[in-house]
Amino acid sequence: MTLVGKVAPDFVAPAVLPSGEGVDSFSLLKNIEGKYALIFFYPYDFTFVCPTELIALNNRMDGFKERKIEVIGVSIDSTHTHNAWRKTAIASGGIGEVKFPLVSDVKHNICQSYGIQHPENGASFRGAFIIDKKGVVRVEMINDFPIGRNIDEILRLFDAVQFNEQHGEVCPVGWQKGKEGMKETYQSVSQYLEKNSNDL
């Protein structure tokens, strides 16, 4: 069951903030109300693919800030484990002091509400949920454990969401920021295809 087109499920849970401070009641709704947001689920701290994803996410935080996107990481680990992972050197498998909160889903309620809990071991799959300013999920990506995500693709998808909102046009295959879109008319798609079909 997809969440696309629906309001993102709210949650309140413990989290480690970018400052390193731990809080008991991090509220999704309070932190993203009226903003774009990325909820970025990953299976576990101190594992293998996960640090590569979170470091890549952190390395692109300027791009998320430029687009006014709140980034929130979520796993089933405790805040103590999150903090320890943040304090572990990158050369030793840590992630450093990432600039986004890490939410603790120790009761597995959040990954269950987003429909991405692994049926056997209980961890969350690699879910990425792109949320617009109305709190509606516009894109969801779900990867199995061994398959890392592309953070640049997530930024591209946010660009597409924002382009659609600003211009009322749709984004054809492989659309990139700065490229033309299409109106939702047969005439517009015919013109676009005549011009671009060899490059698709």
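The values are calculated or read from the model by the stated rules, or taken from the named source; none is laboratory data. Predicted model only: the values in this text are computed from it and were never measured. Using ideal geometry, Cβ is built from the backbone for each residue, glycine included, and neighbour counts are taken over all protein chains shown.
Structure above, values below:
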item: Given (1) touching a Ser or Thr at 6+ places or on another chain (Cβ under 8 Å); (2) under 22 Å from residue 94 (Cβ atoms), number of the condition residue 20 does not satisfy; result: (1)
item: Only one of 5, 22, 73 that is in contact (Cβ under 8 Å) with a residue 40 or more places away in the chain and in the same structural domain as residue 100 (by TED's automatic domain parsing); result: 22
item: Checklist (1) under 14 Å from the mean Cα position of the chain (by Cα); (2) surrounded by fewer than 22 Cβ atoms within 10 Å (Cβ to Cβ) applied to residue 49, failing item; result: (1)
item: 1 or more residues free of Cβ contacts under 8 Å to residues at least 60 places away in the same chain, in contact with a strand residue (DSSP E or B) (Cβ under 7 Å, 6 or more places away or on another chain) and closer than 30 Å to residue 24 by Cβ: qualifying strands (runs of 3 or more DSSP E) within segment 98-195; result: 137-143
item: Qualifying residue in segment 120-127 (condition: surrounded by 14 or more Cβ atoms within 10 Å (Cβ to Cβ), under 21 Å from residue 8 (Cβ atoms) and among the hydroxyl-bearing types (Ser, Thr, Tyr)); result: yes
